[in-house]
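Peer 1: Have a look at the structure that comes next, please.
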Amino acid sequence: MTFDDVRKMALAWPGVEDSRSYGTLSLKVKGKFLTRLREDGDSLVLKGVPFEEREMLMAAHPDVFYITDHYRDWPMVLVRLSKAPAPVVKALLLRSWRETAPKKLVAELDGRDEKLMALKRRSKSQQ
């Protein structure tokens with residue numbers, strides 16, 4: 001997985017925009033920080049990861065999840081994109097997006113997802 005993959009995924013969600021943060025590529029939701037690529041070009045900064053969950057992620061997959069001293073006191077985790085499974089990154093990033101995005105945008109995405117599910121159910125029942 002690369003930052004370009006993350007970017008394509010997140011830009012499909014309402015309100016997500018390209019930006020820069022600390023001199024690196026980042027994504028924001030209506031101007032609010034969502035995530036950024038670290039200077040190493042492989043690590044993603046993911047916010048909104050509770051400390052207990054972060055510890056479990058790092059213990060279970062130390063090759064993927066880690067922190068530096070800078071992030072120790074913040075509910076964030078660093079993800080090595082080259083080793084990270086896309087579905088896991090998507091789930092963590094989507095949760096962060098839901099916490100960051102205005103309620104109107106969350107409702108918009110939920111409505112879009114519900115319409116897609118209804119179409120799938122209808123298509124399946126016609127088979």
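Peer 1: Rounding to the nearest 20 debye, state how big the charge dipole of the chain is about its Cα centre with +1 on each Lys and Arg Cβ and -1 on each Asp and Glu Cβ. Could the numbers behind the result be given before it?
Peer 2: On the way: 24 positive and 18 negative charges, 157 e Å.
Dipole size: approximately 760 debye.
Peer 1: I want to check the label-to-label distance for residue 107 and residue 22. Put each point 7 Å from Cα in the C-beta direction and report it in nm to one decimal.
Peer 2: In this crude spin-label approximation the distance works out to 3.5 nm.
Peer 1: Another question, if that's okay. Using only DSSP helix segments of four residues or longer, with each worth -39500 (n - 2.57), what per-residue ellipticity at 222 nm results for the chain after dividing by its residue count and rounding to 500? Intermediate values should be presented prior to the final figure.
Peer 2: On the way: 4 runs with 57 residues, N = 127.
Dividing the helical sum by the residues of the chain leaves -14500 deg cm²/dmol.
Peer 1: For the chain, state what percent of all Cα-Cα pairs lands in each successive 5 Å bin, counting from 0 Å until the bin that includes the largest distance.
Peer 2: 2, 10, 19, 22, 18, 12, 8, 5, 3, 1, 0, 0
Each reported figure results from applying straightforward, stated rules to the coordinates on display, with no laboratory input. Keep in mind that this is a model prediction, so the values were computed, not measured. Cβ coordinates were reconstructed from backbone atoms using ideal geometry, including for glycine residues, and neighbour counts include every protein chain displayed.
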